[in-house]
1. Please verify whether the stretch 200-212 includes one or more residues that are out of contact with any Lys or Arg (no Cβ under 8 Å at 6 or more places or on another chain), away from ligand 1 (no atom under 16 Å from the Cβ), more than 27 Å from Val104 (Cα to Cα) and part of a helix (DSSP H, G or I).
2. Could you tell me whether any residue of the stretch 126-138 is more than 16 Å from the chain's Cα centre (by Cα), over 21 Å from Leu217 (Cβ atoms), in contact (Cβ under 8 Å) with a residue 40 or more places away in the chain and away from ligand 2 (no atom under 16 Å from the Cβ)?
3. Among the residues of the stretch 107-118 satisfying the criterion of being part of a loop (DSSP other than H, G, I, E, B) and closer than 22 Å to Thr73 by Cα, which is nearest to ligand 1 (Cβ to nearest atom)?
4. Val78: surrounded by fewer than 24 Cβ atoms within 10 Å (Cβ to Cβ), hydrophobic (A, V, I, L, M, F, W, C) and under 21 Å from Leu217 (Cα atoms), yes or no?
5. Any idea which of Thr326, Thr305 is part of a helix (DSSP H, G or I), of a type in the set (Ser, Thr, Tyr) and surrounded by fewer than 16 Cβ atoms within 10 Å (Cβ to Cβ)?
6. Can you spot a residue in the stretch 230-238 that is away from ligand 1 (no atom under 16 Å from the Cβ) and among the polar types (S, T, N, Q)?
7. Restricting to the stretch 261-289, count the residues that are assigned to a loop (DSSP other than H, G, I, E, B) and out of contact with any Ser or Thr (no Cβ under 9 Å at 6 or more places or on another chain).
8. Does Ala89 meet the test of being closer than 24 Å to Gln197 by Cβ and either more than 16 Å from ligand 2 (Cβ to nearest atom) or of a type in the set (Gly, Ala, Ser) (or both)?
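The values are calculated or read from the model by the stated rules, or taken from the named source; none is laboratory data. These numbers come from a predicted model, not from an experiment. Here the Cβ positions follow ideal geometry from the backbone for every residue, glycine too, while neighbour counts run over all protein chains shown.
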Amino acid sequence: MAEGWTRRQLLAQATIAAAVYTLDPHELCCGVNAYAQTAGSEKFNLKKVGDGIWAAVAEVRYKVNSNAAVIETNDGLVIVDTHSKPSAARALYTEIQAVSKKPVRKIINTHFHWDHWQGNEVYASSNPGLEIITTEQTKQNLTKPDAGVGGVPFIEKQLAALPGEIAKLKEDIDKAPNPETKARLTSNLAQAEAYLQELKQLKPTLPTRTVSKTATLQEGGREIQLHVLGRGHTDGDLYIYMPREKVVATGDAVVDWMPFLNDGYPEEWAQTVAALEKLEIVQLIPGHGEPAPKTHLAFFRGYLTDLVAAVKKAAADGATLDEMKTKVADQLAPKYEKGMSRYPVGQYRDRVGLNIEMVHKKVVKKA
Ligand SMILES: [Zn+2]
Ligand SMILES: [Zn+2]
């Protein structure tokens, strides 16, 4: 594994208290546990978005997987993001064999969240000399005790929380009102139990190389630009841009779900997306959801801008947080509800209340 550190050593470094930890549903980032998924295995749909570039679109699982970008060069593959678990990275790697059998040379992690890097070890163990690239800030976040929903300390938090989550699923199965619900919850339980076992075995594999500002890789005849554009979804977001094909992989800084603001910077985020829009883009590969044309950026940025403005205005008018959650949600719905509810997860009404709460906390109260 990268730098030869064990998880224990990393944890000691991070000096976290191994207290019993309950995961607040708000902390689950892109993991939407409320959605019940039927049986199956970790799966991706590979979609070609440019010459030698594929979006690996993750199917919805109980423990969510990020999308990946797969980039083929003359001498190998570069893969952006590695999902929430090694089994998912292995599943994608197997699927990739159908389009290219070249070795994996580099992994790029877009940010530190759990569902984007926990599969790193799969590529590191089978590709000696593998480089794992991210921003300097993301590398720091991966070992910080309080960075948010990702990194080495967050593995320990998930391990502490999973037995309770599993017990709750068992209770819910007993109370299931119909066979369909029972079947879905039973699948979720199996997935939660398998995830716990994987997490116990996880070998956290950290980036080996960082960038702190925009840089260009010349990679087997292909130019890959790494753009550091400012704070947004996190303070370390990295955008991976292929100028020849005009394709960009954004991580969760741009998603086709409702955005997750808990570790984010709502006011700066819209400006960062505006900076991204200066690039010529034909296809973007979001952190979650389907590949999208450039027009999605204006829609997504518009939501962030309008959300911040509406919460500020409601606060200035004296609305309480609870009042805002209804009023602002209804006010923005005509423009955003349909476009932000295209999948069974990450929908407008599931998340708008939490988004309003986060903007209230970070922008109005500046907590
Ligand atoms: Zn994510
Ligand atoms: Zn994220």
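1. No, that holds for no residue.
2. No; the residues of the stretch 126-138 include none that is more than 16 Å from the chain's Cα centre (by Cα), over 21 Å from Leu217 (Cβ atoms), in contact (Cβ under 8 Å) with a residue 40 or more places away in the chain and away from ligand 2 (no atom under 16 Å from the Cβ).
3. Thr110
4. no
5. Every option except Thr326 fails the conditions.
6. No, there is no match, as no residue in the stretch 230-238 is away from ligand 1 (no atom under 16 Å from the Cβ) and among the polar types (S, T, N, Q).
7. 9
8. So Ala89 passes the test.
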